[in-house]
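Visitor: Okay, here's the structure, questions in a sec.
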Amino acid sequence: MTEDIFSTETTYFADVILPVPIPRMFTYRVPRHFAADIKIGARVIVQFGRNRVVTAVVGKIHTKPPEKYQAKYILELLDIDPLITPAQLWLFEWIAEYYMCCIGEVMNVAVPSGLKVSSQSRMQLNPDFDHPELLEEKEVEFIEILKTHTSLTYDDAIKFVGEKNINPMIKSLIGKHAIIMYEEVKEKYKPKIAKKIRLKRGYEGSEEVFNLIDSLTKSPKQQSIILEYLKHIPVNELAEKNTHGVDKTLFTQGETSDSALSTLLDKGILEQFEVIVSRFGDDVPDEPLKILLTDAQQAASDEVLQKFTEKDIVLLHGITGSGKTEIYIDLIQKVLEGGSQVLYLLPEIALTTQIVVRLKRVFGDKMGVYHSKFSDNERVEVWRGIVEGRYQFVVGVRSAIFLPMDNLGLVIIDEEHETSYKQFDPAPRYHARDVGIMLGLKQGAKILLGSATPSIESYYQAQTGRYGLVTLNKRYGEAQLPDIVLVDLKAERKAKTMKNDFSSVLYNRIQQNLANKEQTIIFQNRRGYSPYLNCQECNWVSECQQCAVSLTYHMHSTELRCHYCGHKEEIPKACPVCGSGKLRTIGFGTEKLEEDLKAMFDTARVIRMDLDTTRTKNAYQNIITEFEQGGTDILVGTQMISKGLDFDQVSLVGIFDADRMIHFPDFRASERAFQMLTQVSGRAGRRAKKGLVLIQTNDTQQSLLQKVVINDYQGYYTHEISERDSYFYPPFTRIISVTLKHEEQEKAEKAAHWLAEKLLEKLGKARVLGPEKSLIERIRNKYLFDIILKLEKDKLNIKAAKSFLREMIDALHQEKEHKEVDVVVDVDAV
DNA sequence: AGCACGCCGACT
DNA sequence: GTCGGCGTGCTC
């Protein structure tokens, strides 16, 4: 933008995206002094509302002044080079439109909060204040407190005053000009600092150092520090290498004395300095790992490449243990050599140290890792690493699709069937697989979906020729697929051979396995000890006060917990209704199986892996490592254990409650059951030895189980796809679920009926299901009603249908009696 | 989503 | 009389 002093200077306006769930942009005025520098995608700081200062992203720059209001000025421009690339901005808009949410919500999950600026109101004494006589007693006290501090935040002030509502007093003080409020704006990202030690100038020559050592013969501790230092910095290169120094921890963690070190620092022989370091000790591996593909793998890899010449998207259907990772690595290397970027998505629980270490050995410091357990600062470093071109390849979880890669050549979505790729709690309710495909296509990249149990949707695309299909039916090396056997629980119960919840078949096998020093995995997709507590006298059941579910009995933490709202309560000693002490647990979860196993096999080392034992950052990794190294005989876990973990020594897998998975009331139940059973079974027998999988069931004739037993993906798919076709489910339709929530059941229900009615009028009966009570009809004291829309992909303009839905929701909120009902829209709900 | 403004109950 | 409850409406 050139300036011409003879013409009237143009005033620029920027429409910015704010991190709030309001479905529009806000127009701010661009101050002249950075009008030349502002660009789309740059972060700016703006005031929003009376006291809020927020980070926004420029979405549009124009010269049209708003007509109905006075635009505020942008306060600050944070980036000369835009932080958000045009490619990302496009993607954010696409997500907001497709998933029917606000772009601000997308921005919120996409941009690590370390790149946002936080503002906090601070108050300080007005130095010019000279009317203390105006103050009331309380105010004087507060001013006295304030005098001892440079400034206070609101929260600080509340603590000091000891009252919750200090608002009136603060207002009064501002009115009397006794204090000043201001906004403190700061970047949250903090570089990691390492403290280092080096020789002070003048000691760098080898001669000087020898003299120094000589002079320290009377202070052996100090002398040894200098000698230790020289071990790390060779004397002959002292002059050059001394600048880098060594980590201070070298001296503080060893047996060297702290006081000797500080003496040397005090004497000015050593000096301490600080450097900014990466949070990921970006160590280049000693010997890069060379991946050798088996013939089958090489053939599959070549076939993928060949298919890519015709199709942008290829589905790699490779059975469990077929070694898909090596194929990915081979392809990634090829793409990186071609100069393009690669994004490799994995479900959160599959992104383990074992895979990261392995990839790191191949790709070294070209590779960035993006994990949800990373701190904000770590996320910012990955983000920057990509922008600065250090990372050409990123392996990451769901949210890695938001990283600023703009030259993608390949997007890999491993375990593409995983439903955890779909985010549902806060908006945006996006599916990372589908967004990953969009992202890749937009950048002209190829997309590789991988799974041993592809989703019905993806397999259908492959069957109908939209995706290329590559099949890998052979396990890696000598490994064979395990034998899968159904265990008849009915028969065992009749014969009274059950031990707790274990069939005698499973029990005996575990015992045998323990004797052979082989490992066992027990799968039960339910955490806690038992799903509820029941009174034998009056039949009372532990229930959550806020949700329509029973409270799960957790023995380890000795409490009853609601798995929906997180409510916890103490375990009653007696029935709260009739006072009877005869309380029993009904059903079982991982905790109970763990306990039973420990009781039945007292020498066995049993470990449990579920949400409850993996809450902390490293717990999950620790359990895996422990099991991997043979420190554990039996691993009991929920679906967590089914995801891409490779353990060599597992020869037995026991599966509980398969029936519950199959009969879950949801059209995806059989898909999920097949996937889960196949995936868990796949954990058995990774080496030459053939594994065994025992599935306990009440119905050994169940057709889905039969297909799992013979590993018949095709048969399962053929059956499932015809069901989907007959009942108008995906992939033939798109599902949009609309949930209405309110504290009062009647209000939620009425609003749901009102909305369903409107939708029905236009979309017709076949496309609108419900309203119906949600599966869990009350959560956190709100009653839930669902309306399900089934929209055909071919006959219907889905975009138009979505905007119609939006209009009707807005119309609902225009109605007085329905306006306080919350409406949640989930596009492609899983 | 925040956050302020505004209109009605239980307390100095 | 006021403090303080949360309904409602706006934010460039």
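The values are calculated or read from the model by the stated rules, or taken from the named source; none is laboratory data. Not measured: the values here are computed from a predicted model. Please note: Cβ atoms are built from the backbone with ideal geometry, for glycine as well, and neighbour counts cover all protein chains shown.
Visitor: A:Val20 versus (1) in a loop (DSSP other than H, G, I, E, B); (2) away from DNA strand C (no atom under 11 Å from the Cβ): which is the lone unmet condition?
Guide: (2)
Visitor: Do we find a residue being within 25 Å of A:Lys690 (Cα to Cα) and hydrophobic (A, V, I, L, M, F, W, C) anywhere in segment A:469-478? Reasoning before the result, please.
Guide: Keep residues of segment A:469-478 that are within 25 Å of A:Lys690 (Cα to Cα), which gives A:471-478.
Among the residues that remain, those that are also hydrophobic (A, V, I, L, M, F, W, C) are: A:472.
Taking every residue of segment A:469-478 in turn, at least one turns out to be within 25 Å of A:Lys690 (Cα to Cα) and hydrophobic (A, V, I, L, M, F, W, C).
Visitor: Out of segment A:299-324, which residues are under 17 Å from A:Ile412 (Cα atoms), without any contact (Cβ under 8 Å) to a residue 40 or more places away in the chain and not acidic (Asp, Glu)?
Guide: A:Ser301, A:Leu305, A:Gln306, A:Thr309
Visitor: Check whether at least one residue in segment A:102-109 is away from DNA strand B (no atom under 16 Å from the Cβ), in contact with a helix residue (DSSP H, G or I) (Cβ under 8 Å, 6 or more places away or on another chain) and of a type outside the set (Asp, Glu), and report yes or no. Outline the logic, then answer.
Guide: Here is the first cut: in segment A:102-109, the ones away from DNA strand B (no atom under 16 Å from the Cβ) are none.
No, segment A:102-109 contains no residue that is away from DNA strand B (no atom under 16 Å from the Cβ), in contact with a helix residue (DSSP H, G or I) (Cβ under 8 Å, 6 or more places away or on another chain) and of a type outside the set (Asp, Glu).
Visitor: Let me ask you something else. Which one of the conditions (1) in a loop (DSSP other than H, G, I, E, B); (2) not assigned by TED's automatic domain parsing to the domain that holds A:Lys643 does A:Thr603 fail to meet, given that it meets all the rest?
Guide: Against the list (1) in a loop (DSSP other than H, G, I, E, B); (2) not assigned by TED's automatic domain parsing to the domain that holds A:Lys643, A:Thr603 comes up short only on (2).
Visitor: Here is a follow-up. All but one of (1) out of contact with any helix residue (DSSP H, G or I) (no Cβ under 6 Å at 6 or more places or on another chain); (2) of a type in the set (Lys, Arg); (3) closer than 19 Å to A:Gly321 by Cβ hold for A:Arg668; state the number of the condition that does not hold.
Guide: Of the numbered conditions (1) out of contact with any helix residue (DSSP H, G or I) (no Cβ under 6 Å at 6 or more places or on another chain); (2) of a type in the set (Lys, Arg); (3) closer than 19 Å to A:Gly321 by Cβ, the odd one out for A:Arg668 is (3).
Visitor: Still on this structure, I have one more. I'd like the residue in segment A:474-516 that is over 24 Å from A:Ala604 (Cα atoms) and without any contact (Cβ under 8 Å) to a residue 60 or more places away in the chain and, out of all such residues, is surrounded by the fewest Cβ atoms within 10 Å (Cβ to Cβ).
Guide: A:Lys496
Visitor: Every residue in segment A:780-797 that is modelled with pLDDT under 90 and within 29 Å of A:Tyr727 (Cα to Cα), please.
Guide: Listed by number, the residues that qualify are A:Lys793, A:Asp794, A:Lys795, A:Leu796, A:Asn797.
Visitor: Among the candidates A:Leu331, A:Leu343, which residue alone is touching a residue at least 12 places away in the same chain (Cβ under 8 Å) and within 20 Å of the chain's Cα centre (by Cα)?
Guide: A:Leu343
Visitor: Suppose we filter A:Glu743, A:Glu757 for residues that are surrounded by fewer than 18 Cβ atoms within 10 Å (Cβ to Cβ) and either touching a residue at least 24 places away in the same chain (Cβ under 8 Å) or in the same structural domain as A:His431 (by TED's automatic domain parsing) (or both); which single one remains? Walk me through how you get there before you give the answer.
Guide: Numbers: A:Glu757 fails: either touching a residue at least 24 places away in the same chain (Cβ under 8 Å) or in the same structural domain as A:His431 (by TED's automatic domain parsing) (or both).
A:Glu743 is the lone residue from the list that is surrounded by fewer than 18 Cβ atoms within 10 Å (Cβ to Cβ) and either touching a residue at least 24 places away in the same chain (Cβ under 8 Å) or in the same structural domain as A:His431 (by TED's automatic domain parsing) (or both).
Visitor: Filter segment A:25-58 down to residues that are within 16 Å of DNA strand B (Cβ to nearest atom) and without any contact (Cβ under 8 Å) to a residue 12 or more places away in the chain and give me whichever is farthest from A:Ile103 (Cα to Cα).
Guide: A:Arg50
Visitor: Name every residue in segment A:528-567 that is within 22 Å of A:Leu593 (Cα to Cα), in contact with a strand residue (DSSP E or B) (Cβ under 7 Å, 6 or more places away or on another chain) and loosely packed, with under 15 Cβ neighbours inside 10 Å, in order of residue number.
Guide: Result: A:Val541, single match.
Visitor: Sticking with this structure for a sec: On the given criteria, is A:Asp648 over 23 Å from A:Tyr727 (Cβ atoms), of a type outside the set (S, T, N, Q) and either touching a strand residue (DSSP E or B) at 6+ places or on another chain (Cβ under 8 Å) or not in a strand (DSSP E or B) (or both)?
Guide: Here the answer is yes, as A:Asp648 does meet what is asked.
Visitor: A further question follows. From the list A:Thr552, A:Thr520, pick out the single residue that is under 30 Å from A:Glu628 (Cβ atoms), hydroxyl-bearing (Ser, Thr, Tyr), out of contact with any helix residue (DSSP H, G or I) (no Cβ under 7 Å at 6 or more places or on another chain) and modelled with pLDDT of 90 or more.
Guide: Checking each option against the conditions leaves just A:Thr552.
Visitor: Still on this model: Looking at (1) farther than 28 Å from A:Leu293 by Cβ; (2) surrounded by 20 or more Cβ atoms within 10 Å (Cβ to Cβ), which one does A:Asp406 not meet, given that it meets all the others?
Guide: (2)
Visitor: In segment A:187-227, which residues are modelled with pLDDT of 80 or more, of a type in the set (D, E, K, R) and touching a helix residue (DSSP H, G or I) at 6+ places or on another chain (Cβ under 7 Å)?
Guide: Residues satisfying the conditions are A:Arg198, A:Lys221.
Visitor: Okay, next question. Those residues that are in contact with a strand residue (DSSP E or B) (Cβ under 6 Å, 6 or more places away or on another chain) and closer than 17 Å to A:Ala400 by Cβ, I need them from segment A:433-475; list them, please.
Guide: Of everything in segment A:433-475, those that are in contact with a strand residue (DSSP E or B) (Cβ under 6 Å, 6 or more places away or on another chain) and closer than 17 Å to A:Ala400 by Cβ turn out to be A:Arg433, A:Gly436, A:Ile437, A:Gly440, A:Gln443, A:Ala445, A:Ile447, A:Leu448, A:Leu449, A:Gly450.
Visitor: On to the next question. Listed residues A:Leu78, A:Leu83, A:Leu91; which is more than 16 Å from DNA strand B (Cβ to nearest atom), under 24 Å from A:Ser372 (Cα atoms) and modelled with pLDDT under 95? Spell out how you get there, then give the answer.
Guide: Details: A:Leu78 fails: under 24 Å from A:Ser372 (Cα atoms); A:Leu91 fails: modelled with pLDDT under 95.
From the options A:Leu78, A:Leu83, A:Leu91, the qualifying one is A:Leu83.
Visitor: Now for a separate question. Residue under question is A:Pro454, and the condition is that it be over 25 Å from A:Thr85 (Cα atoms), modelled with pLDDT under 95 and surrounded by 23 or more Cβ atoms within 10 Å (Cβ to Cβ); does it hold? Reasoning before the result, please.
Guide: Working: over 25 Å from A:Thr85 (Cα atoms): yes; modelled with pLDDT under 95: no; surrounded by 23 or more Cβ atoms within 10 Å (Cβ to Cβ): yes.
Answer is no for this residue.
Visitor: Consider segment A:391-428. How many of its residues are closer than 22 Å to A:Glu93 by Cα and either in a helix (DSSP H, G or I) or among the aromatic types (Phe, Trp, Tyr) (or both)?
Guide: 7
Visitor: Still on this structure: So which residues in segment A:34-46 are of a type in the set (A, V, I, L, M) and either surrounded by fewer than 20 Cβ atoms within 10 Å (Cβ to Cβ) or within 16 Å of DNA strand C (Cβ to nearest atom) (or both)?
Guide: Here is the first cut: in segment A:34-46, the ones of a type in the set (A, V, I, L, M) are A:35-36, A:38, A:40, A:42, A:44-46.
Matches in segment A:34-46: A:Ala35, A:Ala36, A:Ile38, A:Ile40, A:Val44, A:Ile45, A:Val46.
Visitor: Among the residues of segment A:324-341, count how many are over 21 Å from A:Arg390 (Cβ atoms) and not in a helix (DSSP H, G or I).
Guide: 0
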